[in-house]
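Have a look at the structure below before the remarks.
The values are calculated or read from the model by the stated rules, or taken from the named source; none is laboratory data. What you see is a predicted model, and the numbers here were worked out from it, not measured in a lab. Glycine gets a Cβ as well: all are built from the backbone with ideal geometry, and neighbour counts include every protein chain shown.
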Ligand SMILES: [Fe+2]
(Lines give C-alpha, C1' and ligand atoms only; values in the text may rest on other atoms or scores of the structure.)
Protein backbone atom coordinates (compact mmCIF):
# COMPACT_ATOMS: atom_id res chain seq x y z
CA UNK A 1 0.00 0.00 0.00
CA UNK A 2 2.84 2.33 0.97
CA UNK A 3 4.58 1.43 -2.30
CA UNK A 4 1.39 2.23 -4.26
CA UNK A 5 1.06 5.63 -2.62
CA UNK A 6 4.66 6.46 -3.45
CA UNK A 7 4.15 5.53 -7.09
CA UNK A 8 0.89 7.53 -7.21
CA UNK A 9 2.67 10.61 -5.85
CA UNK A 10 5.48 10.25 -8.35
CA UNK A 11 3.03 9.69 -11.22
CA UNK A 12 0.98 12.72 -10.31
CA UNK A 13 3.91 15.05 -10.11
CA UNK A 14 6.16 17.15 -12.24
CA UNK A 15 9.85 18.11 -12.19
CA UNK A 16 12.05 16.33 -9.71
CA UNK A 17 9.31 13.98 -8.55
CA UNK A 18 8.56 12.99 -12.13
CA UNK A 19 12.26 12.24 -12.50
CA UNK A 20 11.86 9.89 -9.51
CA UNK A 21 8.98 8.12 -11.29
CA UNK A 22 11.11 7.75 -14.40
CA UNK A 23 13.99 6.25 -12.42
CA UNK A 24 11.69 3.67 -10.79
CA UNK A 25 9.98 2.83 -14.11
CA UNK A 26 13.23 2.48 -16.05
CA UNK A 27 14.80 0.27 -13.38
CA UNK A 28 11.77 -2.01 -13.44
CA UNK A 29 11.94 -2.13 -17.26
CA UNK A 30 15.54 -3.34 -17.02
CA UNK A 31 14.54 -6.04 -14.51
CA UNK A 32 11.74 -7.14 -16.88
CA UNK A 33 14.22 -7.31 -19.74
CA UNK A 34 16.57 -9.47 -17.68
CA UNK A 35 13.64 -11.72 -16.71
CA UNK A 36 12.53 -12.09 -20.34
CA UNK A 37 15.98 -13.02 -21.57
CA UNK A 38 17.34 -15.04 -18.62
CA UNK A 39 14.25 -17.16 -17.87
CA UNK A 40 13.67 -19.55 -20.79
CA UNK A 41 10.23 -19.16 -22.32
CA UNK A 42 9.12 -22.08 -24.45
CA UNK A 43 7.03 -21.68 -27.60
CA UNK A 44 3.95 -23.81 -28.10
CA UNK A 45 3.98 -26.31 -30.95
CA UNK A 46 1.91 -24.65 -33.67
CA UNK A 47 -0.55 -26.40 -35.99
CA UNK A 48 -2.01 -24.28 -38.78
CA UNK A 49 -4.82 -24.90 -41.26
CA UNK A 50 -8.18 -26.56 -41.68
CA UNK A 51 -7.01 -29.88 -40.21
CA UNK A 52 -5.04 -28.30 -37.34
CA UNK A 53 -7.65 -29.16 -34.67
CA UNK A 54 -7.33 -32.85 -35.56
CA UNK A 55 -3.52 -32.55 -35.59
CA UNK A 56 -3.63 -30.98 -32.13
CA UNK A 57 -5.93 -33.77 -30.86
CA UNK A 58 -3.50 -36.36 -32.26
CA UNK A 59 -0.73 -34.73 -30.23
CA UNK A 60 -2.91 -34.84 -27.09
CA UNK A 61 -3.54 -38.56 -27.68
CA UNK A 62 0.04 -39.41 -28.67
CA UNK A 63 1.30 -37.86 -25.44
CA UNK A 64 -0.68 -40.48 -23.54
CA UNK A 65 -3.66 -38.43 -22.38
CA UNK A 66 -6.90 -40.38 -22.12
CA UNK A 67 -9.36 -38.08 -20.36
CA UNK A 68 -9.55 -34.49 -21.65
CA UNK A 69 -11.15 -31.50 -19.94
CA UNK A 70 -12.46 -29.12 -22.61
CA UNK A 71 -12.75 -25.52 -21.42
CA UNK A 72 -14.97 -23.14 -23.42
CA UNK A 73 -17.83 -20.66 -22.98
CA UNK A 74 -21.59 -21.09 -23.27
CA UNK A 75 -21.95 -19.08 -26.51
CA UNK A 76 -19.31 -21.11 -28.36
CA UNK A 77 -20.76 -24.35 -26.98
CA UNK A 78 -24.26 -23.38 -28.15
CA UNK A 79 -22.85 -22.62 -31.61
CA UNK A 80 -21.36 -26.12 -31.68
CA UNK A 81 -17.76 -24.89 -32.07
CA UNK A 82 -16.22 -27.58 -29.76
CA UNK A 83 -17.87 -30.31 -31.91
CA UNK A 84 -14.90 -30.33 -34.30
CA UNK A 85 -12.78 -31.49 -31.37
CA UNK A 86 -15.27 -33.67 -29.53
CA UNK A 87 -16.30 -35.53 -32.73
CA UNK A 88 -12.66 -36.32 -33.40
CA UNK A 89 -12.04 -37.45 -29.80
CA UNK A 90 -15.16 -39.65 -30.06
CA UNK A 91 -13.77 -41.24 -33.22
CA UNK A 92 -10.59 -42.08 -31.31
CA UNK A 93 -12.46 -43.37 -28.21
CA UNK A 94 -10.94 -40.71 -25.99
CA UNK A 95 -12.98 -39.63 -22.93
CA UNK A 96 -13.64 -35.94 -22.38
CA UNK A 97 -15.76 -33.53 -20.37
CA UNK A 98 -16.91 -30.17 -21.76
CA UNK A 99 -17.02 -27.26 -19.29
CA UNK A 100 -18.64 -24.15 -20.80
CA UNK A 101 -18.83 -21.96 -17.70
CA UNK A 102 -16.13 -19.42 -18.63
CA UNK A 103 -17.43 -15.84 -18.74
CA UNK A 104 -15.77 -12.77 -20.32
CA UNK A 105 -13.09 -11.41 -17.96
CA UNK A 106 -13.30 -14.54 -15.77
CA UNK A 107 -13.26 -14.11 -12.01
CA UNK A 108 -11.58 -16.33 -9.42
CA UNK A 109 -14.99 -17.91 -8.72
CA UNK A 110 -15.31 -18.92 -12.39
CA UNK A 111 -11.79 -20.35 -12.50
CA UNK A 112 -12.27 -22.19 -9.17
CA UNK A 113 -15.48 -23.78 -10.47
CA UNK A 114 -13.67 -24.99 -13.61
CA UNK A 115 -10.83 -26.34 -11.48
CA UNK A 116 -13.27 -28.23 -9.28
CA UNK A 117 -14.98 -29.81 -12.32
CA UNK A 118 -11.65 -30.81 -13.89
CA UNK A 119 -10.46 -32.46 -10.66
CA UNK A 120 -13.84 -34.19 -10.11
CA UNK A 121 -13.70 -35.60 -13.66
CA UNK A 122 -10.10 -36.80 -13.02
CA UNK A 123 -9.01 -35.20 -16.30
CA UNK A 124 -5.34 -35.60 -17.28
CA UNK A 125 -5.16 -32.81 -19.88
CA UNK A 126 -6.97 -29.63 -20.93
CA UNK A 127 -7.98 -28.27 -24.33
CA UNK A 128 -9.10 -24.62 -24.29
CA UNK A 129 -11.42 -23.59 -27.12
CA UNK A 130 -12.20 -19.88 -27.08
CA UNK A 131 -10.94 -16.32 -27.00
CA UNK A 132 -8.52 -14.75 -24.53
CA UNK A 133 -10.83 -15.12 -21.52
CA UNK A 134 -11.29 -18.87 -22.07
CA UNK A 135 -7.58 -19.46 -22.68
CA UNK A 136 -6.54 -17.41 -19.64
CA UNK A 137 -9.04 -19.30 -17.44
CA UNK A 138 -7.79 -22.63 -18.83
CA UNK A 139 -4.18 -21.62 -18.07
CA UNK A 140 -5.14 -20.91 -14.45
CA UNK A 141 -7.13 -24.15 -14.14
CA UNK A 142 -4.27 -26.21 -15.62
CA UNK A 143 -1.62 -24.54 -13.44
CA UNK A 144 -3.71 -24.78 -10.23
CA UNK A 145 -4.48 -28.45 -10.89
CA UNK A 146 -0.82 -29.20 -11.63
CA UNK A 147 0.30 -27.45 -8.44
CA UNK A 148 -2.60 -28.62 -6.26
CA UNK A 149 -3.22 -25.04 -5.19
CA UNK A 150 -5.87 -22.32 -5.34
CA UNK A 151 -5.79 -19.98 -8.36
CA UNK A 152 -5.22 -16.99 -6.07
CA UNK A 153 -1.92 -18.53 -4.90
CA UNK A 154 -0.59 -18.22 -8.45
CA UNK A 155 -1.04 -14.44 -8.70
CA UNK A 156 2.33 -12.75 -9.17
CA UNK A 157 5.54 -13.81 -10.87
CA UNK A 158 6.91 -17.38 -10.78
CA UNK A 159 4.55 -18.61 -8.04
CA UNK A 160 4.17 -22.17 -9.36
CA UNK A 161 6.43 -24.95 -8.13
CA UNK A 162 5.37 -27.70 -10.57
CA UNK A 163 4.36 -27.85 -14.24
CA UNK A 164 0.78 -27.30 -15.23
CA UNK A 165 -1.52 -30.09 -16.36
CA UNK A 166 -0.81 -30.50 -20.12
CA UNK A 167 -2.60 -27.61 -21.82
CA UNK A 168 -3.50 -27.26 -25.51
CA UNK A 169 -5.27 -24.26 -27.05
CA UNK A 170 -7.55 -23.59 -29.99
CA UNK A 171 -8.16 -19.82 -30.26
CA UNK A 172 -11.52 -18.84 -31.74
CA UNK A 173 -10.55 -15.19 -32.26
CA UNK A 174 -7.47 -13.69 -33.88
CA UNK A 175 -6.69 -11.23 -31.11
CA UNK A 176 -5.10 -11.78 -27.71
CA UNK A 177 -2.41 -14.24 -28.77
CA UNK A 178 -2.92 -15.71 -25.29
CA UNK A 179 -2.11 -19.18 -26.63
CA UNK A 180 1.49 -17.95 -27.02
CA UNK A 181 2.00 -16.06 -23.77
CA UNK A 182 3.22 -16.82 -20.26
CA UNK A 183 0.57 -14.76 -18.45
CA UNK A 184 -3.08 -15.11 -17.44
CA UNK A 185 -5.45 -12.46 -16.14
CA UNK A 186 -8.18 -13.15 -13.55
CA UNK A 187 -10.65 -10.58 -12.19
CA UNK A 188 -11.48 -10.11 -8.52
CA UNK A 189 -15.05 -11.33 -7.82
CA UNK A 190 -16.11 -8.12 -6.07
CA UNK A 191 -13.90 -5.26 -7.27
CA UNK A 192 -13.34 -6.70 -10.79
CA UNK A 193 -9.74 -5.50 -10.50
CA UNK A 194 -7.49 -7.63 -12.66
CA UNK A 195 -4.80 -9.86 -11.21
CA UNK A 196 -1.96 -11.27 -13.28
CA UNK A 197 -0.16 -14.59 -13.00
CA UNK A 198 3.14 -14.83 -14.89
CA UNK A 199 5.08 -18.05 -15.26
CA UNK A 200 6.86 -19.61 -18.27
CA UNK A 201 5.19 -22.90 -17.34
CA UNK A 202 1.87 -21.23 -18.19
CA UNK A 203 2.70 -21.35 -21.92
CA UNK A 204 0.51 -24.06 -23.53
CA UNK A 205 2.18 -27.12 -25.07
CA UNK A 206 0.50 -26.60 -28.44
CA UNK A 207 -1.99 -24.42 -30.28
CA UNK A 208 -4.09 -24.90 -33.41
CA UNK A 209 -4.80 -21.96 -35.71
CA UNK A 210 -7.86 -23.26 -37.53
CA UNK A 211 -9.61 -20.80 -39.88
CA UNK A 212 -12.80 -22.91 -39.88
CA UNK A 213 -13.12 -22.36 -36.12
CA UNK A 214 -12.70 -18.58 -36.62
CA UNK A 215 -14.87 -18.04 -39.69
CA UNK A 216 -18.13 -17.38 -37.80
CA UNK A 217 -16.68 -14.42 -35.90
CA UNK A 218 -18.89 -11.31 -36.52
CA UNK A 219 -17.29 -8.44 -38.47
CA UNK A 220 -17.18 -5.99 -35.55
CA UNK A 221 -15.41 -8.53 -33.31
CA UNK A 222 -13.05 -9.39 -36.18
CA UNK A 223 -12.22 -5.66 -36.40
CA UNK A 224 -11.79 -5.11 -32.64
CA UNK A 225 -9.66 -8.20 -32.08
CA UNK A 226 -7.63 -7.50 -35.23
CA UNK A 227 -6.67 -4.07 -33.89
CA UNK A 228 -5.67 -5.77 -30.63
CA UNK A 229 -3.20 -7.82 -32.69
CA UNK A 230 -1.89 -4.68 -34.40
CA UNK A 231 -1.50 -2.95 -31.03
CA UNK A 232 0.43 -5.88 -29.52
CA UNK A 233 2.79 -5.82 -32.48
CA UNK A 234 3.27 -2.03 -32.56
CA UNK A 235 3.82 -1.77 -28.79
CA UNK A 236 6.28 -4.69 -28.84
CA UNK A 237 8.08 -3.05 -31.79
CA UNK A 238 8.36 0.33 -30.00
CA UNK A 239 9.31 -1.23 -26.64
CA UNK A 240 12.68 -0.35 -25.15
CA UNK A 241 13.01 -4.11 -24.52
CA UNK A 242 12.55 -5.08 -28.18
CA UNK A 243 15.12 -7.45 -29.68
CA UNK A 244 15.97 -8.92 -33.07
CA UNK A 245 13.71 -11.86 -32.20
CA UNK A 246 10.70 -9.80 -31.05
CA UNK A 247 11.17 -7.42 -34.00
CA UNK A 248 10.78 -10.32 -36.43
CA UNK A 249 7.47 -11.41 -34.91
CA UNK A 250 6.16 -7.87 -34.39
CA UNK A 251 6.95 -6.75 -37.96
CA UNK A 252 5.48 -9.96 -39.43
CA UNK A 253 2.28 -9.40 -37.44
CA UNK A 254 2.00 -5.72 -38.48
CA UNK A 255 2.47 -6.58 -42.15
CA UNK A 256 -0.11 -9.36 -41.98
CA UNK A 257 -2.73 -7.27 -40.16
CA UNK A 258 -2.42 -4.36 -42.60
CA UNK A 259 -2.95 -6.79 -45.50
CA UNK A 260 -5.43 -9.30 -44.11
CA UNK A 261 -7.63 -7.48 -41.61
CA UNK A 262 -9.45 -5.40 -44.30
CA UNK A 263 -10.03 -8.61 -46.30
CA UNK A 264 -11.40 -10.66 -43.45
CA UNK A 265 -13.52 -7.73 -42.19
CA UNK A 266 -15.24 -7.51 -45.59
CA UNK A 267 -15.51 -11.27 -46.09
CA UNK A 268 -15.55 -13.36 -42.91
CA UNK A 269 -15.48 -16.53 -45.05
CA UNK A 270 -12.06 -15.70 -46.52
CA UNK A 271 -10.31 -18.64 -44.89
CA UNK A 272 -6.83 -17.74 -46.11
CA UNK A 273 -7.07 -14.26 -44.57
CA UNK A 274 -8.57 -15.76 -41.38
CA UNK A 275 -5.63 -18.14 -41.13
CA UNK A 276 -3.11 -15.32 -41.71
CA UNK A 277 -4.80 -13.22 -39.00
CA UNK A 278 -4.64 -16.21 -36.61
CA UNK A 279 -0.90 -16.52 -37.25
CA UNK A 280 -0.48 -12.74 -36.84
CA UNK A 281 -2.27 -12.90 -33.47
CA UNK A 282 0.08 -15.69 -32.39
CA UNK A 283 3.13 -13.73 -33.56
CA UNK A 284 1.89 -10.64 -31.74
CA UNK A 285 1.66 -12.73 -28.56
CA UNK A 286 5.19 -14.10 -29.05
CA UNK A 287 6.50 -10.54 -29.55
CA UNK A 288 4.91 -8.92 -26.50
CA UNK A 289 5.66 -11.97 -24.34
CA UNK A 290 9.26 -10.72 -24.25
CA UNK A 291 9.16 -7.07 -25.31
CA UNK A 292 6.01 -6.08 -23.37
CA UNK A 293 3.30 -3.57 -24.23
CA UNK A 294 2.85 0.15 -23.52
CA UNK A 295 0.54 3.10 -22.94
CA UNK A 296 -2.12 1.96 -25.43
CA UNK A 297 -2.83 -1.11 -23.32
CA UNK A 298 -2.34 0.73 -20.04
CA UNK A 299 -5.00 3.32 -20.96
CA UNK A 300 -7.25 0.82 -22.79
CA UNK A 301 -7.38 -1.40 -19.69
CA UNK A 302 -8.72 1.57 -17.73
CA UNK A 303 -11.34 2.37 -20.41
CA UNK A 304 -12.43 -1.25 -20.04
CA UNK A 305 -12.55 -1.07 -16.24
CA UNK A 306 -14.28 2.34 -16.00
CA UNK A 307 -16.61 2.31 -19.03
CA UNK A 308 -16.85 -1.39 -20.04
CA UNK A 309 -15.30 -0.83 -23.47
CA UNK A 310 -14.27 -4.19 -25.04
CA UNK A 311 -10.51 -4.60 -25.04
CA UNK A 312 -9.88 -4.52 -28.81
CA UNK A 313 -12.13 -1.50 -29.35
CA UNK A 314 -10.48 0.32 -26.44
CA UNK A 315 -7.11 -0.25 -28.10
CA UNK A 316 -8.44 1.08 -31.40
CA UNK A 317 -9.68 4.22 -29.62
CA UNK A 318 -6.38 4.88 -27.85
CA UNK A 319 -3.81 3.69 -30.41
CA UNK A 320 -3.66 6.72 -32.78
CA UNK A 321 -3.15 9.18 -29.89
CA UNK A 322 -0.31 7.17 -28.34
CA UNK A 323 1.32 6.81 -31.76
CA UNK A 324 1.13 10.60 -32.10
CA UNK A 325 2.82 11.03 -28.71
CA UNK A 326 5.49 8.43 -29.56
CA UNK A 327 6.07 9.92 -33.01
CA UNK A 328 8.87 12.20 -31.88
CA UNK A 329 10.84 9.66 -29.82
CA UNK A 330 10.11 6.64 -32.05
CA UNK A 331 10.18 8.17 -35.53
CA UNK A 332 13.26 6.22 -36.53
CA UNK A 333 11.81 2.94 -35.33
CA UNK A 334 8.40 3.63 -36.89
CA UNK A 335 10.02 4.54 -40.20
CA UNK A 336 12.10 1.34 -40.05
CA UNK A 337 8.90 -0.65 -39.45
CA UNK A 338 7.10 1.07 -42.34
CA UNK A 339 10.01 0.32 -44.69
CA UNK A 340 10.25 -3.31 -43.50
CA UNK A 341 6.52 -3.99 -43.90
CA UNK A 342 6.03 -2.46 -47.32
CA UNK A 343 4.05 0.55 -46.15
CA UNK A 344 6.41 2.87 -48.04
CA UNK A 345 5.58 3.23 -51.71
CA UNK A 346 8.42 3.49 -54.27
CA UNK A 347 8.00 7.27 -54.72
CA UNK A 348 8.40 7.84 -50.95
CA UNK A 349 11.77 6.13 -50.52
CA UNK A 350 13.67 9.40 -50.09
CA UNK A 351 11.36 10.88 -47.48
CA UNK A 352 12.61 11.61 -43.96
CA UNK A 353 12.00 9.25 -41.01
CA UNK A 354 9.52 11.75 -39.57
CA UNK A 355 7.52 11.83 -42.79
CA UNK A 356 7.50 8.04 -43.09
CA UNK A 357 6.50 7.66 -39.43
CA UNK A 358 3.63 10.08 -40.09
CA UNK A 359 2.65 8.00 -43.11
CA UNK A 360 2.54 4.83 -40.96
CA UNK A 361 0.41 6.56 -38.33
CA UNK A 362 -1.95 7.85 -41.06
CA UNK A 363 -2.33 4.30 -42.43
CA UNK A 364 -3.17 2.96 -38.98
CA UNK A 365 -5.82 5.70 -38.59
CA UNK A 366 -7.20 4.88 -42.04
CA UNK A 367 -7.42 1.17 -41.21
CA UNK A 368 -9.32 1.88 -37.98
CA UNK A 369 -11.69 4.24 -39.84
CA UNK A 370 -12.31 1.66 -42.60
CA UNK A 371 -13.18 -0.93 -39.97
CA UNK A 372 -15.96 1.40 -38.70
CA UNK A 373 -14.83 1.00 -35.09
CA UNK A 374 -17.06 3.09 -32.85
CA UNK A 375 -14.96 5.72 -30.99
CA UNK A 376 -17.76 6.45 -28.48
CA UNK A 377 -16.89 6.06 -24.79
CA UNK A 378 -20.24 6.36 -23.04
CA UNK A 379 -20.12 7.90 -19.57
CA UNK A 380 -16.58 9.25 -19.92
CA UNK A 381 -16.06 12.15 -17.52
CA UNK A 382 -13.08 14.33 -16.81
CA UNK A 383 -13.44 13.83 -13.05
CA UNK A 384 -12.20 10.24 -13.62
CA UNK A 385 -9.08 11.35 -15.49
CA UNK A 386 -6.80 11.76 -12.45
CA UNK A 387 -7.40 8.20 -11.29
CA UNK A 388 -7.24 6.77 -14.81
CA UNK A 389 -3.93 8.52 -15.47
CA UNK A 390 -2.47 7.27 -12.16
CA UNK A 391 -3.56 3.68 -12.83
CA UNK A 392 -2.27 3.74 -16.42
CA UNK A 393 1.09 5.21 -15.37
CA UNK A 394 1.38 2.61 -12.62
CA UNK A 395 0.69 -0.22 -15.09
CA UNK A 396 3.43 1.15 -17.35
CA UNK A 397 5.86 1.54 -14.47
CA UNK A 398 5.13 -1.96 -13.12
CA UNK A 399 5.01 -3.89 -16.37
CA UNK A 400 6.28 -2.21 -19.55
CA UNK A 401 9.41 -0.68 -21.10
CA UNK A 402 7.98 2.18 -23.13
CA UNK A 403 10.01 4.34 -25.52
CA UNK A 404 8.62 7.61 -24.11
CA UNK A 405 7.40 8.04 -20.53
CA UNK A 406 4.41 10.34 -20.08
CA UNK A 407 3.50 12.60 -17.18
CA UNK A 408 0.02 12.46 -15.67
CA UNK A 409 -0.95 15.63 -17.53
CA UNK A 410 0.16 14.12 -20.86
CA UNK A 411 -1.99 11.02 -20.21
CA UNK A 412 -4.90 13.28 -19.28
CA UNK A 413 -4.42 15.21 -22.53
CA UNK A 414 -4.86 11.92 -24.43
CA UNK A 415 -8.02 11.18 -22.43
CA UNK A 416 -9.39 14.64 -23.27
CA UNK A 417 -8.82 14.00 -26.99
CA UNK A 418 -10.59 10.63 -26.71
CA UNK A 419 -13.51 12.32 -24.95
CA UNK A 420 -13.72 15.04 -27.62
CA UNK A 421 -13.69 12.47 -30.45
CA UNK A 422 -16.36 10.47 -28.62
CA UNK A 423 -18.59 13.56 -28.16
CA UNK A 424 -18.12 14.64 -31.80
CA UNK A 425 -19.04 11.16 -33.03
CA UNK A 426 -22.12 11.06 -30.79
CA UNK A 427 -23.34 14.49 -31.94
CA UNK A 428 -22.72 13.59 -35.63
CA UNK A 429 -24.78 10.42 -35.11
CA UNK A 430 -27.62 12.29 -33.41
CA UNK A 431 -27.66 14.89 -36.26
CA UNK A 432 -27.87 12.14 -38.90
CA UNK A 433 -30.56 10.34 -36.83
CA UNK A 434 -32.72 13.50 -36.69
CA UNK A 435 -32.23 14.05 -40.46
CA UNK A 436 -33.39 10.50 -41.25
CA UNK A 437 -36.38 10.99 -38.88
CA UNK A 438 -37.42 14.06 -40.92
CA UNK A 439 -37.05 12.12 -44.20
CA UNK A 440 -39.16 9.30 -42.77
FE1 LIG B 1 -4.32 -6.72 -25.97
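Being farther than 23 Å from residue 279 by Cα and out of contact with any helix residue (DSSP H, G or I) (no Cβ under 9 Å at 6 or more places or on another chain) narrows it down to one residue among 98, 68, 24, 38; which is it? Give the steps one after another, and end with the answer.
On the way: 98 fails: out of contact with any helix residue (DSSP H, G or I) (no Cβ under 9 Å at 6 or more places or on another chain); 68 fails: out of contact with any helix residue (DSSP H, G or I) (no Cβ under 9 Å at 6 or more places or on another chain); 24 fails: out of contact with any helix residue (DSSP H, G or I) (no Cβ under 9 Å at 6 or more places or on another chain).
Of 98, 68, 24, 38, the one residue that is farther than 23 Å from residue 279 by Cα and out of contact with any helix residue (DSSP H, G or I) (no Cβ under 9 Å at 6 or more places or on another chain) is 38.
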Can you give me the number of residues within the stretch 115-146 that are over 18 Å from residue 63 (Cβ atoms) and surrounded by fewer than 20 Cβ atoms within 10 Å (Cβ to Cβ)? 5
Cβ pairs under 6 Å, 6+ apart or interchain, first in the stretch 219-230 and more than 12 Å from residue 368 (Cβ to Cβ), second surrounded by fewer than 24 Cβ atoms within 10 Å (Cβ to Cβ), ordered by first then second residue, are 219/265; 222/265
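When the stretch 271-281 is examined, which residues are found to be away from the ligand (no atom under 12 Å from the Cβ) and in contact (Cβ under 8 Å) with a residue 40 or more places away in the chain?
Once the filter is applied, which keeps residues that are away from the ligand (no atom under 12 Å from the Cβ) and in contact (Cβ under 8 Å) with a residue 40 or more places away in the chain, the stretch 271-281 yields 271, 272, 274, 275, 277, 278, 279, 280.
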Filtered residue count, the stretch 147-193, keeping only those that are surrounded by fewer than 16 Cβ atoms within 10 Å (Cβ to Cβ) and part of a strand (DSSP E or B): 2
Looking at 236, 251, can you tell me which residue is within 15 Å of the ligand (Cβ to nearest atom), in a helix (DSSP H, G or I) and under 20 Å from residue 361 (Cα atoms)? 236
Some residue of the stretch 208-223 being under 24 Å from residue 291 (Cα atoms) and out of contact with any helix residue (DSSP H, G or I) (no Cβ under 7 Å at 6 or more places or on another chain): no
Regarding the stretch 271-283, can at least one residue be identified that is in the same structural domain as residue 296 (by TED's automatic domain parsing) and closer than 30 Å to residue 152 by Cβ? yes
Within the stretch 147-164, does at least one residue satisfy the condition of being within 16 Å of the ligand (Cβ to nearest atom) and touching a helix residue (DSSP H, G or I) at 6+ places or on another chain (Cβ under 9 Å)? no
Test of understanding: among 187, 197, 178, which residue is assigned by TED's automatic domain parsing to the domain that holds residue 106 and within 15 Å of the ligand (Cβ to nearest atom)? 178
Some residue of the stretch 202-225 being more than 26 Å from residue 273 (Cβ to Cβ) and either surrounded by fewer than 21 Cβ atoms within 10 Å (Cβ to Cβ) or within 16 Å of the ligand (Cβ to nearest atom) (or both): yes
Among the helices (runs of 4 or more DSSP H) lying completely within the stretch 282-384, list those that include at least 3 residues that are under 25 Å from residue 405 (Cα atoms) and more than 16 Å from the ligand (Cβ to nearest atom). 311-340, 353-370
